[in-house]
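Peer 1: First the structure, then my questions, so here it is.
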Amino acid sequence: MSALDPDARDWLARTGFTVQDEALWFAALTHGSMGETRDYERLEFLGDRVLGLAIADWLYAQSEAPEGKLAQRLNAIVSRAMCAQVARGIGLAPHIRISRQASSDGGRDSDNILGDVMEALLGAQFLDNGFAAARDVVRLLWRPALESGAGKSKHPKSALQEWAAGNQRRPPEYELIERSGPDHAARFTVRVKVHKVGEAEGTAGSKQEAEKQAARIFMETFG
């Protein structure tokens, strides 16, 4: 029997989750470095879809925006960075079951791991209690992101692309210049440059997020 730590069980209840099948939640909090038979990966796959449907349902009900605008907001709200932000906000990190080595390598503060476990918990909520209960947790925990207008502004890479075209410049060029850290807590540094204008660098837990960060910094500097 995979029994939850009492502190983890209490924390889950306080956060809004309903634990019935303890083995399910035990797996949702377990990182692959622990070498357990079950870890969070399959639940993360499911939870990602639960989150997407719950947010899409909310956006559709709350807005008359066209499909393109809805998709833009959806992508921002369900992003790995946003999932990690929500995870940090509810104090998830201490409850992740992760090996000492992976933890010392920064695993507990990795956007990838925090985001994945956050989605795994949504997958567990869905399996243990149904979609309505999972949707209620999403609406509770993601409400600040929705009410803050996350995703309403244009994606930084799109904004830079349009800026370059509008100023008769060549399209921006992105280059991965450094990848550091272990696989479970990798850091990527990307440089973006526009010919005869300048360049900027961004660093994040994924290549895509690093590109976005670089584009944002470029626009703040040269836009």
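The values are calculated or read from the model by the stated rules, or taken from the named source; none is laboratory data. The shown structure was predicted, so the numbers you read here are calculated from the model rather than taken from an experiment. Using ideal geometry, Cβ is built from the backbone for each residue, glycine included, and neighbour counts are taken over all protein chains shown. What goes into the accessible areas is simple: the full protein's heavy atoms, side chains included, and nothing from ligands, DNA or RNA. Shrake-Rupley method; radii C 1.70, N 1.55, O 1.52, S 1.80 Å.
Peer 1: List every residue pair whose Cβ atoms lie under 6 Å apart, where the two residues are 6 or more positions apart in sequence or sit on different chains, the first residue falls within segment 86-113 and is touching a residue at least 60 places away in the same chain (Cβ under 8 Å), and the second residue, located anywhere, is of a type in the set (Val, Ile, Thr) and buried (at least 17 other Cβ atoms within 10 Å of the Cβ).
Peer 2: Taking only residues 6 or more apart or on different chains, the pairs are 96/117; 97/30; 107/98; 107/113.
Peer 1: Could I ask something else about it? Looking at (1) surrounded by fewer than 16 Cβ atoms within 10 Å (Cβ to Cβ); (2) closer than 16 Å to residue 75 by Cα; (3) modelled with pLDDT of 90 or more; (4) among the small types (Gly, Ala, Ser), find the lone condition where residue 130 falls short.
Peer 2: All conditions pass for residue 130, except number (2).
Peer 1: Is at least one residue of segment 7-18 among the aliphatic types (A, V, I, L, M) and either open to solvent by less than 40 Å² (accessible area, probe 1.4 Å) or over 23 Å from the mean Cα position of the chain (by Cα) (or both)?
Peer 2: Yes - at least one qualifying residue is present in segment 7-18.
Peer 1: Given the conditions (1) open to solvent by less than 40 Å² (accessible area, probe 1.4 Å); (2) at pLDDT below 95; (3) under 16 Å from residue 45 (Cα atoms), report the number of the one that residue 80 does not fulfil.
Peer 2: (1)
The rows are residues; the columns are (1) surrounded by fewer than 20 Cβ atoms within 10 Å (Cβ to Cβ); (2) small (Gly, Ala, Ser); (3) touching a helix residue (DSSP H, G or I) at 6+ places or on another chain (Cβ under 8 Å).
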{"residue": "90", "(1), (2), (3)": "yes, no, yes"}
{"residue": "104", "(1), (2), (3)": "yes, yes, no"}
{"residue": "109", "(1), (2), (3)": "yes, no, yes"}
{"residue": "113", "(1), (2), (3)": "no, no, yes"}
{"residue": "125", "(1), (2), (3)": "no, no, yes"}
{"residue": "134", "(1), (2), (3)": "no, yes, yes"}
{"residue": "137", "(1), (2), (3)": "no, no, yes"}
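Peer 1: Just to be sure I understand the filter: pairs with C-beta atoms under 6 Å, separated by 6 or more residues or on different chains, first member in segment 1-21 and in a helix (DSSP H, G or I), second member surrounded by 10 or more Cβ atoms within 10 Å (Cβ to Cβ). Which pairs pass?
Peer 2: 8/95; 9/19; 11/95; 12/19; 15/90
Peer 1: I've got another one for you. Kindly establish whether residue 63 is closer than 20 Å to residue 38 by Cα, over 16 Å from the mean Cα position of the chain (by Cα) and of a type in the set (Ser, Thr, Tyr).
Peer 2: Criteria not met by residue 63.
Peer 1: Also, I was wondering about something else. Applying the selection to segment 24-76, what residues are open to solvent by 40 Å² or more (accessible area, probe 1.4 Å), among the acidic types (Asp, Glu) and in a helix (DSSP H, G or I)?
Peer 2: 41, 48, 57, 67
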